[in-house]
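Since the structure comes first, as structure tokens, the remarks are kept for the end.
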Amino acid sequence: MKFIATCPPGREGEAILELEWGIEAKVRRTRWGGVLIGETELNKEEVFKRLQSFETFALQKIIPIDLFIPLEKLNDVIGEIATKIPKGKSFAVRAKVRGAKIGEKSLEIEIGGLIKRITGNPVNLENPEYLLIIEVLGKKAGVALIKPDDIIKLEVKP
């Protein structure tokens, strides 16, 4: 499983150690403080199980990522991803942009409109059944189609 992990800026070293130890991940820093990219051989369910009982001193959030692509290829993969949303199920697009001159809301609206045109599925911003996550990191984008519960949120111990 590929993922993006967040931690308080300056605590990346601790977060990397926790991920290496807790889920046997290979992790690397990005040029954005508090943002890490990693991969583990474990599946989502096993990662979730291990981290739910994990006492963390650095990790805040772990977001599963299906693929990392060049940012300019984003529109090319949306059609394929959109067809993976089951017919009639609601969705929302959530974007986080770092290091690129793209507005998060405009990206969400543009991609959400494209998915709605392709699938006809309803948009539900309050309580979607599926989330299309777009994590822009400079010239690359991490993209994932997940259920809201697939994002692991942890409480950092002081």
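With a Förster radius of 25 Å, plug the Cβ-Cβ distance of residue 129 and residue 83 into 1/(1 + (r/R0)^6) and report the FRET value to the nearest 0.05.
The value I calculate is 0.95.
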Distance from region 59-109 to region 127-144 (C-alpha centre basis), Å:
3
Run through the DSSP bridge list for the chain and note the antiparallel percent, rounded to the nearest 5.
75
Between residue 50 and residue 117, what is the spin-label point distance in nm, taking each point 7 Å from the Cα along the Cα→C-beta axis?
4.2
Place +1 on the Cβ of every Lys and Arg and -1 on the Cβ of every Asp and Glu in region 38-93, take the dipole about the Cα centre, and give the residue among 85, 64, 42 whose Cα lies farthest towards its positive end.
85
Would you please give the residues with an amide H less than 5 Å from that of residue 93, counting only those at least 5 places away or on a separate chain, with H modeled from the backbone geometry?
132
Counting only residues 5 or more apart in sequence or on a different chain, those whose built amide H sits under 5 Å from that of residue 60 are 6, 7
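Give the residue list of chymotrypsin sites (Phe, Trp or Tyr not before Pro) in region 19-99 that are DSSP loop and have at most 11 other beta-carbon atoms within 10 angstrom.
Qualifying residues, ordered by number: none.
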Tell me the GluC sites (Glu not before Pro) within region 75-158 that lie in a loop according to DSSP and have at most 15 other beta-carbon atoms within 10 Å.
126, 155
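I need the trypsin sites (Lys or Arg not before Pro) found in region 70-132, filtered to DSSP loop residues with at most 14 other beta carbons within 10 Å of theirs. If you can, show how the numbers build up before the last one.
Working: sites: 73, 84, 87, 89, 94, 96, 98, 101, 105, 116, 117; in loops: 84, 87, 89, 101.
Qualifying residues, ordered by number: 84, 87, 89, 101.
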Region 67-148 - charge dipole about Cα centre, Lys and Arg +1 at Cβ, Asp and Glu -1, debye rounded to 20
80
Rounded to the nearest 20 debye, what is the charge dipole size of the chain about its Cα centre when +1 sits on each Lys and Arg Cβ and -1 on each Asp and Glu Cβ?
460
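Only the coordinates and a few stated rules stand behind these numbers; no lab work does. Bear in mind that the values here come from a model prediction, so they are computed numbers and not experimental data. Counting neighbours? That spans all protein chains shown, and the Cβs are built from the backbone with ideal geometry, glycine included.
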